[in-house]
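The structure appears below as structure tokens.
The values are calculated or read from the model by the stated rules, or taken from the named source; none is laboratory data. Bear in mind the structure is a predicted one, so any value in this text is a computation, not a measurement. Virtual Cβ from ideal backbone geometry, glycine too; neighbours counted across all protein chains shown. For accessibility, only protein heavy atoms count, side chains too; no ligands or nucleic acids. Shrake-Rupley method; radii C 1.70, N 1.55, O 1.52, S 1.80 Å.
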Amino acid sequence: MTQVRSLHLRAARLMLALLCAITALGLTGPARAEIEVNINRGDAQPLPIAAPAFGGPQGADIAQVIAADLQRSGLFRPLDPASFIERDLTAAIQPRFDSWKQINAQALVNGTVTIQGGQLRVDMRLWDVFQGQQLLGQQFTTSPENWRRVAHKIADAVYTRLTGEKGYFDTRVVFVAESGPRGRVVKRLAIMDQDGANPSYLQTPGDGIVLTPRFSSTSQEITYMSLRRDSSAIYLFNLETGRRESLGTFQGQVFAPRFSPDGGKVAFSVERGGNSDIFVMNLSSRSST
């Protein structure tokens, strides 16, 4: 009788321990990691992100540029503003995260725009919706006409925080623009923001055919070649000063200039009598080898 009672007691204790273990597992559940975008996976799904209009002047325009930048990367899926439940967010107010969970937003970027002393000030916040935590908070101050660049910088900050890679939205593209009818096409050196906004010409028409423009490592200088009927030349163009200068004259045709990583040299090829050689010019001394 004592043995049977002892067996029942041991069984009861074992059952109680098992129930406690099951309860503990149910209460803790799997831990949720902070959101991140893995750019090394070929099958990565775009991250649903909400970018509601920032409060203040040009706030809606800034949010639209941020959303468009992130969407073009292919790593983010900005949600339709018509689906937003919470509205009129500011950088000073913590979002109601349940409202954003309902539309399956995993990340939220919002902010406030103000004008102070003639300067544009933008405060932004990036939130992890499911964790209910702020991931990033930054402030930008500039002249009002630079609002697009602020939007690109915010998109860069969001991209970097969620992917671990440097953003590229606050960059420009230098290119050769063609205009005019067939047979009288004019090629000019041009530049624009990476999203196609703010295009402008860097060179006047009739100054030869321009080819192969390339940025320096600082993105403040451009090197390119200009081709004429009887000659070709390599130029440097300073974006800050607007100054253009030639690298000099060479016997033969010069092609395909490229800056060195430190921006102190330019490599290019020279073709003479059917033979091509690669030269490197030191921009300080103007000596070439």
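Could you check, for region 216-226, whether at least one of its residues is touching a residue at least 40 places away in the same chain (Cβ under 8 Å), surrounded by fewer than 16 Cβ atoms within 10 Å (Cβ to Cβ) and either touching a Gly at 6+ places or on another chain (Cβ under 8 Å) or more than 29 Å from Ala68 (Cβ to Cβ) (or both)?
yes
Criterion first (under 25 Å from Met124 (Cβ atoms), touching a strand residue (DSSP E or B) at 6+ places or on another chain (Cβ under 6 Å) and either at pLDDT 95 or above or not β-branched (Val, Ile, Thr) (or both)) does Arg149 satisfy it? So that I can check it myself, show each step before the final result.
On the way: under 25 Å from Met124 (Cβ atoms): yes; touching a strand residue (DSSP E or B) at 6+ places or on another chain (Cβ under 6 Å): no; either at pLDDT 95 or above or not β-branched (Val, Ile, Thr) (or both): yes.
Answer is no for this residue.
Being in a loop (DSSP other than H, G, I, E, B), open to solvent by less than 50 Å² (accessible area, probe 1.4 Å) and farther than 24 Å from Trp147 by Cα is the filter here, so list the residues in region 96-124 that pass it. Steps first, answer last, please.
Initial filter on region 96-124 (in a loop (DSSP other than H, G, I, E, B)): 96, 102-106, 117-118.
When the remaining residues are screened for being open to solvent by less than 50 Å² (accessible area, probe 1.4 Å), the result is 103, 105, 118.
Within region 96-124, Ile103, Ala105 meet the criteria.
How about region 65-91: which of its residues are in a helix (DSSP H, G or I) and closer than 18 Å to Thr142 by Cβ? Before the answer, list the steps.
Step one: of region 65-91, the residues in a helix (DSSP H, G or I) are 65-72, 81-83.
Across region 65-91, the qualifying residues are Val65, Ile66, Asp69.
Per-residue answers, yes or no, for (1) loosely packed, with under 10 Cβ neighbours inside 10 Å; (2) modelled with pLDDT under 50; (3) hydrophobic (A, V, I, L, M, F, W, C); (4) in contact with a Gly (Cβ under 7 Å, 6 or more places away or on another chain):
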{"position": "Met1", "(1), (2), (3), (4)": "yes, yes, yes, no"}
{"position": "Arg5", "(1), (2), (3), (4)": "yes, yes, no, no"}
{"position": "Leu9", "(1), (2), (3), (4)": "no, yes, yes, no"}
{"position": "Ala21", "(1), (2), (3), (4)": "no, yes, yes, no"}
{"position": "Thr28", "(1), (2), (3), (4)": "yes, yes, no, no"}
{"position": "Ala44", "(1), (2), (3), (4)": "no, no, yes, no"}
{"position": "Ala50", "(1), (2), (3), (4)": "no, no, yes, no"}
{"position": "Pro57", "(1), (2), (3), (4)": "no, no, no, no"}
{"position": "Ile66", "(1), (2), (3), (4)": "no, no, yes, no"}
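Determine whether region 136-146 contains at least one residue that is in contact (Cβ under 8 Å) with a residue 60 or more places away in the chain and touching a strand residue (DSSP E or B) at 6+ places or on another chain (Cβ under 9 Å). Give the steps one after another, and end with the answer.
Let us first name the residues in region 136-146 that are in contact (Cβ under 8 Å) with a residue 60 or more places away in the chain, namely 144.
Imposing the further condition that a residue be touching a strand residue (DSSP E or B) at 6+ places or on another chain (Cβ under 9 Å) reduces the set to 144.
Among the residues of region 136-146, at least one is in contact (Cβ under 8 Å) with a residue 60 or more places away in the chain and touching a strand residue (DSSP E or B) at 6+ places or on another chain (Cβ under 9 Å), which makes the answer yes.
Looking only at region 247-289, which residues are touching a strand residue (DSSP E or B) at 6+ places or on another chain (Cβ under 6 Å), farther than 21 Å from Arg228 by Cα and not in a strand (DSSP E or B)?
Thr289
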